[in-house]
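Report on the structure given below.
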Amino acid sequence: MKKLLAAVLTGVMCASLLTACGGSAPAASASTEAASVAAAGSESAPAEAAADSVLNKDTLIVGTNAAFPPFEYAGADGTPDGFDIALIKAVGEKIGKNIEVKDMEFDSLVASIGNKIDVAIAGMTVTDERKNMVDFSDPYYEAVQNVIVVKGSEISTADDLKGKNIGVQLGTTGDFIASDVEGAQVSQYNKGVDAVNDLLNGRVDCVILDTNPAKEFVSQHADELTALEGDGFGFETENYAIAMPKGDAALVEAVNGALKELKEDGTFDALVAEYINNGEVPEAEEASEEASTEAASEESSEAASTEAASTEAE
Ligand code: GLN
């Protein structure tokens, strides 16, 4: 049933957005213009990018939900910052694209790809349902859902979740897991932090949220809350990836190529250290030390990625 709905939705998206589905869309002026940009485009971009590939644009509109620290949050100036934002800017630099970040609700990201936004990066887990709507890059991070409880709570196993009031962020994998719990009442919030606040207020019994944001929110209330690792509850490991329009093979190839290069040249580890591990470089991967040091000092700053299109010269 869900699959059927997804298929129908995909059809609707194709109909309203021919370009996203590789159909013979009316040759919009945008794609004519795009063709000339592509000619001057980056070397990472495969030459055979279809006329309607996102790669033909010189600015990628990137959707995120800046309420999921440390992957995305509102930075000091109010604009989205975090690991994912730094990563997509570094990807943009590699493939010669400017990056424009758009903050939106997590639940509307997938449906906005191909119309309001070109791609999404939001600590988004690869799922079969989402794969009916979008294509994913290679995974870049592993996570598992955590169960946040008030200290001293009786909840410690999957069985204990039955019949409970569970707070989740709307449309997330935590939401899907909670919805499968027998007899549970699921309270959906647009932001994970709002669910956590209702846990503090006693309005929900626990909150199911991805590892890193769960730890971050709990650390702000370390006296009252604790985050239980989801593997103890039988939750599966999840993989985060960048979501892209379905069928844009050239874009997927370029983004995967960029991710691979960023891992090889140490930039990726430097970003993990800076944003996720608070300065600690992952131990097993210190080989590319020089590259990481360089990447860390460059910090793939906003200015750098804004200029990415013009300075791309690899
Ligand atoms: N990883 C979860 C999901 O993809 C939550 C992501 C988020 O809230 N930003 O559903």
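The values are calculated or read from the model by the stated rules, or taken from the named source; none is laboratory data. Please read all numbers here as calculations on a predicted model, not as lab measurements. We place every Cβ from the backbone using ideal geometry, glycine too, and count neighbours over all the protein chains shown.
Some points to look at:
- Residue within the stretch 80-87 that is in contact (Cβ under 8 Å) with a residue 40 or more places away in the chain, within 23 Å of Thr172 (Cα to Cα), part of a loop (DSSP other than H, G, I, E, B) and touching a strand residue (DSSP E or B) at 6+ places or on another chain (Cβ under 6 Å) present: yes
- Any hit, the stretch 231-254, residues being farther than 25 Å from Asp138 by Cα and surrounded by fewer than 16 Cβ atoms within 10 Å (Cβ to Cβ): yes
- Residue check for Ala34: over 25 Å from the mean Cα position of the chain (by Cα) and at pLDDT below 85: yes
- Tally of residues being touching a Gly at 6+ places or on another chain (Cβ under 6 Å) and aliphatic (A, V, I, L, M) across the stretch 87-110: 3
- Residue among Ile99, Ile155 that is of a type outside the set (D, E, K, R), surrounded by 15 or more Cβ atoms within 10 Å (Cβ to Cβ), modelled with pLDDT of 95 or more and closer than 18 Å to Ala195 by Cβ: Ile155
- The one condition in (1) within 20 Å of the chain's Cα centre (by Cα); (2) over 23 Å from Ala66 (Cβ atoms); (3) without any contact (Cβ under 8 Å) to a residue 24 or more places away in the chain that Gln188 fails to fulfil: (2)
- Residue, nearest to Ala120 (Cα to Cα), within the stretch 51-72, restricted to residues that are crowded, with 24+ Cβ neighbours inside 10 Å and among the charged types (D, E, K, R): Glu72
- Residue-level analysis places Thr79 outside the set of residues that are among the hydroxyl-bearing types (Ser, Thr, Tyr), within 16 Å of the ligand (Cβ to nearest atom) and touching a helix residue (DSSP H, G or I) at 6+ places or on another chain (Cβ under 9 Å).
- Tally, over the stretch 114-129, of residues that are more than 14 Å from the ligand (Cβ to nearest atom) and within 18 Å of Tyr240 (Cα to Cα): 2
- Residue ranges of helices (runs of 4 or more DSSP H) in the stretch 211-278 with at least 2 members at pLDDT 95 or above, within 17 Å of the chain's Cα centre (by Cα) and more than 16 Å from the ligand (Cβ to nearest atom): 249-264, 267-271
- Residue in the stretch 162-175 that is loosely packed, with under 15 Cβ neighbours inside 10 Å and either assigned to a helix (DSSP H, G or I) or not hydroxyl-bearing (Ser, Thr, Tyr) (or both) present: yes
- Residue satisfying all of: in the stretch 118-131; touching a Leu at 6+ places or on another chain (Cβ under 8 Å) and not in a strand (DSSP E or B); surrounded by the most Cβ atoms within 10 Å (Cβ to Cβ) among these: Ile121
- Residue tally, condition within 13 Å of the ligand (Cβ to nearest atom) and over 19 Å from Ser108 (Cβ atoms), over the stretch 168-195: 2
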